[in-house]
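Since the structure comes first, as structure tokens, the remarks are kept for the end.
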Amino acid sequence: MGVPKGRRRIVVAVAALLAVGAVAGIGYRVLAPAEVVTPARADLPPPVTPAVGVIGRLPVAPLVVEGRLRVYAAQRQVYADQPADRRYRVTPFWSYRRWPAQLNGVLVSDATVVSRWSDGKLVALDGRTGKVAWRADGPPPGAGFAARRTGASVVWDPRGLFVAAGPDGRAVLVAEGEGQLRGYAVADGRELWRSGADAGCRTALGTTVGGQVLTLDSCATPATVEFRDVTTGTVLTRWRPPDAGVELTVTPLDCLTPRSRCRGLRTSAPGDETGRGWLVGAGEPVAAPTLDAVDRTLAGEFVVGGDGPVLKGWEARTGKRRWQRGDLGPVRVLAVGPGRLYVLTEQRDLVTLDPTTGAQRSRFPLTVGRDGTAWQPGLAYAADGYLAVERLRERAGPDDDDQAYFLMSEPVVLAAP
């Protein structure tokens, strides 16, 4: 006996609705905003003191946390492996994913890993476990994962994301985006202050070792540098270099982490091939003429730079020359750490110097296996006794794709100077 035609239509309609509902449910699960936290399932390894020399090579750029583990960035993921001196990247120790937002920047403050996402969300992770410490709404950065495949610019050079210590020693996170500047307590994510900045004409530059936020105000001419209290956002000082022109470019120098806790800055104007170097502290910046040249590096209270094949060191405040090295040949400064200056020779030897005396602490070829020395350095990073450097092809240009840009599939070399 057949099913009546009217009932058949009802059955077909119900089946169609159920199918649509199932597809919609699957689509929601796949496309809906999501967060996946995969915390560590084992104890954190103890800190190690790696042997001096090259450790290995990695496909992506690491951040070192407490000398114990390494943190990496992907388009929609922050993850870690361990121990810090592992020769290769291994299975994640912990992982944090978000969808559909993209990772925009990562920085480390002690054992806290702070991530910023394209929707403006700030997510702090316990670097030891990968568990979420806090979440906060921040100003959207206006960009997604703006990095090549190593992710170096997201972890080693994040834009609009800074940290500094307030007068009480507590760490403060500063985030910039969509014309806003906000401050947060790193300990719990509590918003401390916010400042409406005119988009396009007021730019956050970084933070100082004295606990101030540097912003460049070009909304009205002439351009002026603002020094804000990191705990309140209040402008403490407005400053311009003497005899500066209407336009001004400001670059932070000698920062503990990218653009954070900086000890100096360089100012320049259009057409100015050198600029002027300054030391920053509690009051207005202090001129440091030996820092004026663009190839000079600030390392604490000393300025280091090349004079042809001779590397020299000067006292930053007095300009007095303290040492020189003519045995290294032309070198390139890769990074600066506490009491350490890392330079690369033309033979691709990594030399670690004491910036106060020029004394050599270590020297070894920055090569892995049979990789050779036919490469040029890209971005570099130093922390907790480790140094990591991107290796680029000798003729790589900024417009090249990743295949033509990087030396190989594992372009980051990790070393313990």
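The values are calculated or read from the model by the stated rules, or taken from the named source; none is laboratory data. Note that the structure is a prediction, hence the values are computed from the model and not measured. Don't worry about glycine lacking a Cβ; one is built from the backbone with ideal geometry, like all the others, and counts go over all protein chains shown. Just so you know, the surface numbers come from the protein's heavy atoms only, side chains and all, with ligands and any DNA or RNA stripped out. Shrake-Rupley method; radii C 1.70, N 1.55, O 1.52, S 1.80 Å.
Tabulated values for the structure
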| item | result |
| --- | --- |
| Residue in the stretch 370-377 that is modelled with pLDDT of 95 or more and open to solvent by less than 30 Å² (accessible area, probe 1.4 Å) present | yes |
| Scope the stretch 102-117; condition surrounded by fewer than 21 Cβ atoms within 10 Å (Cβ to Cβ), closer than 16 Å to residue 161 by Cβ and small (Gly, Ala, Ser); matching residues | 109 |
| Subset of the stretch 173-208 [at pLDDT below 95, open to solvent by 60 Å² or more (accessible area, probe 1.4 Å) and part of a loop (DSSP other than H, G, I, E, B)] | 178, 198, 199, 200 |
| Strands (runs of 3 or more DSSP E) within the stretch 56-135 that include 1 or more residues small (Gly, Ala, Ser) | 69-74, 77-81, 94-99, 103-109, 112-117, 121-126 |
| Any chance residue 142 is more than 21 Å from residue 76 (Cβ to Cβ) and outside any strand (DSSP E or B) | no |
| Neighbours by Cβ (under 6 Å, 6+ apart or cross-chain): first from the stretch 139-151, basic (Lys, Arg); second surrounded by fewer than 18 Cβ atoms within 10 Å (Cβ to Cβ) | 148/402; 149/402 |
| Residue within the stretch 257-264 that is part of a loop (DSSP other than H, G, I, E, B) and either more than 23 Å from the chain's Cα centre (by Cα) or under 18 Å from residue 181 (Cβ atoms) (or both) present | yes |
| Filtered residues of the stretch 395-417 (kept if under 25 Å from residue 85 (Cα atoms), open to solvent by less than 40 Å² (accessible area, probe 1.4 Å) and in a loop (DSSP other than H, G, I, E, B)) | 407, 411, 417 |
| Verdict on residue 263 being within 30 Å of residue 65 (Cα to Cα), open to solvent by 20 Å² or more (accessible area, probe 1.4 Å), modelled with pLDDT under 95 and among the basic types (Lys, Arg) | no |
| Given (1) part of a loop (DSSP other than H, G, I, E, B); (2) among the hydrophobic types (A, V, I, L, M, F, W, C); (3) surrounded by 14 or more Cβ atoms within 10 Å (Cβ to Cβ), number of the condition residue 314 does not satisfy | (1) |
| Residue in the stretch 240-252 that is open to solvent by 40 Å² or more (accessible area, probe 1.4 Å) and modelled with pLDDT of 95 or more present | no |
| Test: residue 50 is in contact (Cβ under 8 Å) with a residue 24 or more places away in the chain, part of a loop (DSSP other than H, G, I, E, B), open to solvent by less than 60 Å² (accessible area, probe 1.4 Å) and in contact with a strand residue (DSSP E or B) (Cβ under 8 Å, 6 or more places away or on another chain) | yes |
| Within the stretch 53-84, considering residues that are under 16 Å from residue 385 (Cα atoms) and β-branched (Val, Ile, Thr), the one most open to solvent (accessible area, probe 1.4 Å) | 54 |
| Residue in the stretch 241-249 that is over 18 Å from the mean Cα position of the chain (by Cα), without any contact (Cβ under 8 Å) to a residue 40 or more places away in the chain and within 23 Å of residue 136 (Cα to Cα) present | no |
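Residues are listed down the side, and each one gets a yes or a no for (1) open to solvent by less than 40 Å² (accessible area, probe 1.4 Å); (2) among the small types (Gly, Ala, Ser); (3) within 30 Å of the chain's Cα centre (by Cα):
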| position | (1), (2), (3) |
| --- | --- |
| 287 | no, yes, yes |
| 302 | yes, no, yes |
| 305 | yes, yes, yes |
| 308 | no, yes, no |
| 322 | no, no, no |
